[in-house]
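The values are calculated or read from the model by the stated rules, or taken from the named source; none is laboratory data. This one's a predicted model, so the numbers in the text were calculated from it and none came from an experiment. Note that each Cβ is placed from the backbone with ideal geometry, even for glycine, and that neighbours are counted across all protein chains shown. What goes into the accessible areas is simple: the full protein's heavy atoms, side chains included, and nothing from ligands, DNA or RNA. Shrake-Rupley method; radii C 1.70, N 1.55, O 1.52, S 1.80 Å.
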Amino acid sequence: VQLQASGGGSVQPGGSLRLSCAASGSFGSIYSMAWYRQAPGKVRELVAESGGDTTYADSVKGRFTISRDYAKKTVYLQMNSLKPEDTAVYFCWASVYGFGDFWGKGTLVTVSS
């Protein structure tokens, strides 16, 4: 299972970005997909997960939206009203039935004026 993330970049405060992560390989169903992030000097934290339930970190509620295209085995993260504190490397994660958990390479999001 491989996860390929894209969509990171630099944006001014208040701007928007959309991250995408596509899963590829020979496997069946994906139970859950999520986005994590890790800011410099901080531990990796869950941003949003789409599985049996949809959950968000309190810091992004109302600003970020996670969605999935099950046919394309892709998860998206729409990020609006971005703040400097959202600056981090964002990682895609997937839990695949019968295969376990997988991480994608990170994509950098920088929010700065």
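Things to note:
- Formal net charge of residues neighbouring Ser20 (Cβ-Cβ distance under 12 Å; K, R +1; D, E -1): +3
- Share of alpha-carbon pairs per 5 Å distance bin for the chain, given as whole %: 2, 13, 25, 25, 18, 10, 5, 2, 0
- Residue order for Phe91, Phe99 - accessible surface, 1.4 angstrom probe, largest first: Phe99, Phe91
- For Val89, net neighbour charge (Lys/Arg +1, Asp/Glu -1) across residues whose Cβ lies under 10 Å away: +3
- Out-of-range pairs (alpha-carbon distance over 21 Å; input Lys42/Lys83; Lys42/Lys105; Lys83/Lys105; Lys72/Lys105): Lys83/Lys105
- Stretching Asp69 away from Arg18 to a fully extended chain increases their span by 16.9 nm, per 0.36 nm per residue minus the current alpha-carbon distance.
- Accessible area of the chain divided out per residue, in Å², using a probe of 1.4 angstrom: 53 Å²
- Paramagnetic reach from Ser112 (point 7 Å along Cα→Cβ, amide N under 20 Å) across segment 7-25: 7-18
- Given a 1.4 Å probe and the protein chains as shown, Ser16 ends up with an accessible area of around 60 Å².
- Local net charge near Val109, Cβ-Cβ under 9 Å (Lys/Arg +1, Asp/Glu -1): 0
- Its Cα centre serving as origin, segment 25-79 has a Cβ charge dipole (Lys and Arg +1, Asp and Glu -1) of approximately 180 debye.
- In segment 1-88, trypsin sites (Lys or Arg not before Pro) in a DSSP loop with at most 16 other beta-carbon atoms within 10 Å: Lys42, Arg44, Lys61, Arg63, Lys72
- A straight chain from Glu45 to Ser29 at 0.36 nm per residue would run longer than the Cα-Cα distance by 3.3 nm.
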